[in-house]
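Written below as C-alpha cells is the structure these notes are about.
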Amino acid sequence: MADVQRVFANTPLIGDLQPGGRYLAHDLHHAGGVPAILNALLAGGHLHGAALTLDGRTLEEALKDFPGPDEDIVRSCSAPISNDGGLVVLHGSLAPEGACLKVTGLKSLTFSGIARVFESEEACMDAVGRRAYQAGDVLVIRNEGPKGGPGMREMLSVTAAIYGQGMGEKVALITDGRFSGATRGMCVGYVGPEAAAGGPIGLVRDGDRILVDARAGTLHVELTDDELQRRRQALPARKPRRLGGVLEKYEALVQPAHLGAVTHSGKVDWPCEAFSDQAVERTDEESSK
C-alpha cells in the first residue's frame, strides 16, 4: 500500500473519464485510446521510453505513430486535471495498517459523522434498501476483508444504491472490504487490520464519531486508547468456521490487504545450488547435447 501511495502521489490525473469525469471509454477510444495516454505520460517523464515492447521496439519507438493527448478527453501532464492520481492512503486510529480513498470527483475531502455498523455487505444493503439511514451517517461494513470474507468482496452495490437515492455526498462508507474504480463518494476501503484480524474497525459501535480527512491522510474514530482497549478485552473470541476446501486454506494463509492479500509470505531468497549460475550453465550444456 505504501508503494501505491508513492506512485499515485507522483502520477497526474490526465483522463477526464467517468465516474469522476465527463467521458466514457468509448470516447477515449476515438481520442486515441491507451496510446494517447501513454504518449502523454511519456512526454511528462512518467514512463521509461527505453522499455522494450513485445515486438522488440522500445516503448518510445512503438508510440511514434500514435497521437498524443487531445487536451480534452486526455490532457497533457503539463495541464492535468489534478497533480496526483486521485487515490489517497489514510492512516489513523481506525486504520493503523492503512486504508484507501478515491478522491477523484469528491466535492469535499473531509467528513465527520456518526457510525452505523453492519456485520456484512448484505446487512448494510438491507438498511439502504429500506432507507434506514440518514445524512451524516458513516456506514461501517466489516467482516468483508481478505480473511473475513473470505475473499474481500467489493462494495459497489451499496455505493450504487446510495447514489441512486441521492445520498452519495451526504454519507460516508467505510469497510475492510474493497471497491472498484466505479465507486463514487466518500468511500474508504481496504481498512486494516480487518475486523477478522482484530482490527479497530471490529471495535466500532453505533453512535461512535468517525473522522475522515483526505488532506491530512487520516482516518480516526473518536475513542481513547483506554476505551479501545476495554472494548478489545470485552470482545468475544472469533469462532473458527468450517469452510472446507480452498476457502478454508485461503482464510488460514491470506496476508492483510496492505501487503497485497496474497497467500504467501513474500519474496524468498533461495540459498540453493540449483539456482546458482554454475548450475544454470551446466543445464544449458546438457540441453545442447
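Numbers for the structure displayed
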{"item": "Lone qualifier among Arg231, Arg242 - being surrounded by 13 or more Cβ atoms within 10 Å (Cβ to Cβ) and among the basic types (Lys, Arg)", "result": "Arg231"}
{"item": "Qualifying residue in region 220-239 (condition: closer than 27 Å to Leu156 by Cβ and outside any loop (DSSP other than H, G, I, E, B))", "result": "yes"}
{"item": "Per-region count, region 197-228, residues open to solvent by 90 Å² or more (accessible area, probe 1.4 Å) and more than 19 Å from Gly113 (Cβ to Cβ)", "result": "2"}
{"item": "Output for region 161-172, where each listed residue is part of a helix (DSSP H, G or I), small (Gly, Ala, Ser) and either open to solvent by less than 50 Å² (accessible area, probe 1.4 Å) or at pLDDT below 90 (or both)", "result": "Ala161"}
{"item": "Residue match in region 174-194 (condition: more than 19 Å from Val254 (Cβ to Cβ), among the charged types (D, E, K, R), surrounded by fewer than 22 Cβ atoms within 10 Å (Cβ to Cβ) and under 17 Å from the mean Cα position of the chain (by Cα))", "result": "yes"}
{"item": "Total residues in region 39-86, condition open to solvent by 50 Å² or more (accessible area, probe 1.4 Å), under 25 Å from the mean Cα position of the chain (by Cα) and aliphatic (A, V, I, L, M)", "result": "2"}
{"item": "Qualifying residue in region 53-61 (condition: of a type outside the set (D, E, K, R), closer than 22 Å to Ala9 by Cα and touching a strand residue (DSSP E or B) at 6+ places or on another chain (Cβ under 9 Å))", "result": "no"}
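The values are calculated or read from the model by the stated rules, or taken from the named source; none is laboratory data. The model shown is predicted, which means the values in this text are computed figures rather than measured ones. Ideal geometry is used to build each Cβ from the backbone, glycine not excepted, and the neighbour counts take in all protein chains shown. Just the protein is used for accessible areas: all its heavy atoms, side chains included, with ligands, DNA and RNA removed. Shrake-Rupley method; radii C 1.70, N 1.55, O 1.52, S 1.80 Å.
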